[in-house]
Amino acid sequence: MTRRGLLIILSSPSGAGKSTLARGLRDWDANIRFSVSATTRAPREGEVDGKDYAFISEPAFKSMVREGQMLEHAHVFGHFYGSPRAPVADAIEAGADVLFDIDWQGAQQIANSPMAPHVLSIFLLPPSISELRRRLEGRGQDSAEVIAKRMTRSWDEISHWDSYDYVLINDDLEKTAEQLRTIVTAERLRRTQQPGLLDQVRVLQSEFEDGS
């Protein structure tokens, strides 16, 4: 293994381009995997267990939380959602990056977990609130009521921008995508991500001492 993988967290208010940029990262490098969340809700039509979600029972989910097997978890609209730790740890030790599309609360839980040394967190800001609203309305996916709720929630999400390693203003999708790729490329060279560095330094030290 030449490097450890990164645990890449992308967060943003709805409409800031997070999902599009996340897919772009995956298209750029197949070594980046999307994290598969676990949930206690029933599968929806077309969803595949282990691909879209890991569908588990509520008792099993709560047991995993008690045993520290969830990197982050939340209770949303009557169901539990969370990120199992074992698959992420295995991927990182195998040199693969794992991408998380989560909110600031999940990001904080992961940042306080034993996986923290391998976390790369990035927050995406919209260029303006009016542009954020325009993007939400332009998607044509939500009712006016849902859009209003998303806009109300957006400020709470934006207010946590300063807890992230990097903050990007997504005013141009291609430019932001390039910035993301640059950040990931650089962070892969972080000292904590290179398990062979210590051995290399020891070899250099030995050579130095033998030649002195």
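The values are calculated or read from the model by the stated rules, or taken from the named source; none is laboratory data. All figures in this text were calculated on a predicted structure; none of them were measured in a lab. Note that each Cβ is placed from the backbone with ideal geometry, even for glycine, and that neighbours are counted across all protein chains shown.
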>> Cβ-Cβ distance below 8 Å, separation of 6 or more or different chains: which pairs start in region 110-134 with a residue that is in contact (Cβ under 8 Å) with a residue 40 or more places away in the chain and end on one that is of a type in the set (Lys, Arg)?
In response: 113/85; 115/85; 118/4; 124/18; 126/135
>> Looking at the structure I just gave you, is residue 19 small (Gly, Ala, Ser), within 28 Å of residue 157 (Cα to Cα) and assigned to a loop (DSSP other than H, G, I, E, B)?
In response: no
> Name the residues in region 86-129 that are acidic (Asp, Glu) and touching an Asp or Glu at 6+ places or on another chain (Cβ under 9 Å), would you?
Replying inline: 97, 103
> Mind checking whether some residue in region 74-92 is over 30 Å from residue 169 (Cβ atoms), part of a strand (DSSP E or B) and free of Cβ contacts under 8 Å to residues at least 40 places away in the same chain?
Replying inline: yes
> Could you list, in sequence order, the residues of region 170-191 that are farther than 27 Å from residue 133 by Cβ and surrounded by 13 or more Cβ atoms within 10 Å (Cβ to Cβ)?
Replying inline: 181, 183, 184, 187, 188, 190
>> Within region 46-54, does at least one residue satisfy the condition of being of a type outside the set (S, T, N, Q), touching a His at 6+ places or on another chain (Cβ under 9 Å), loosely packed, with under 14 Cβ neighbours inside 10 Å and not in a loop (DSSP other than H, G, I, E, B)?
In response: no
>> Show the residue pairs meeting these rules: Cβ distance below 6 Å; 6+ apart or different chains; first residue within region 1-19 and at pLDDT 90 or above and crowded, with 20+ Cβ neighbours inside 10 Å; second residue among the acidic types (Asp, Glu) and part of a strand (DSSP E or B).
In response: 5/97; 6/97; 8/97; 10/101
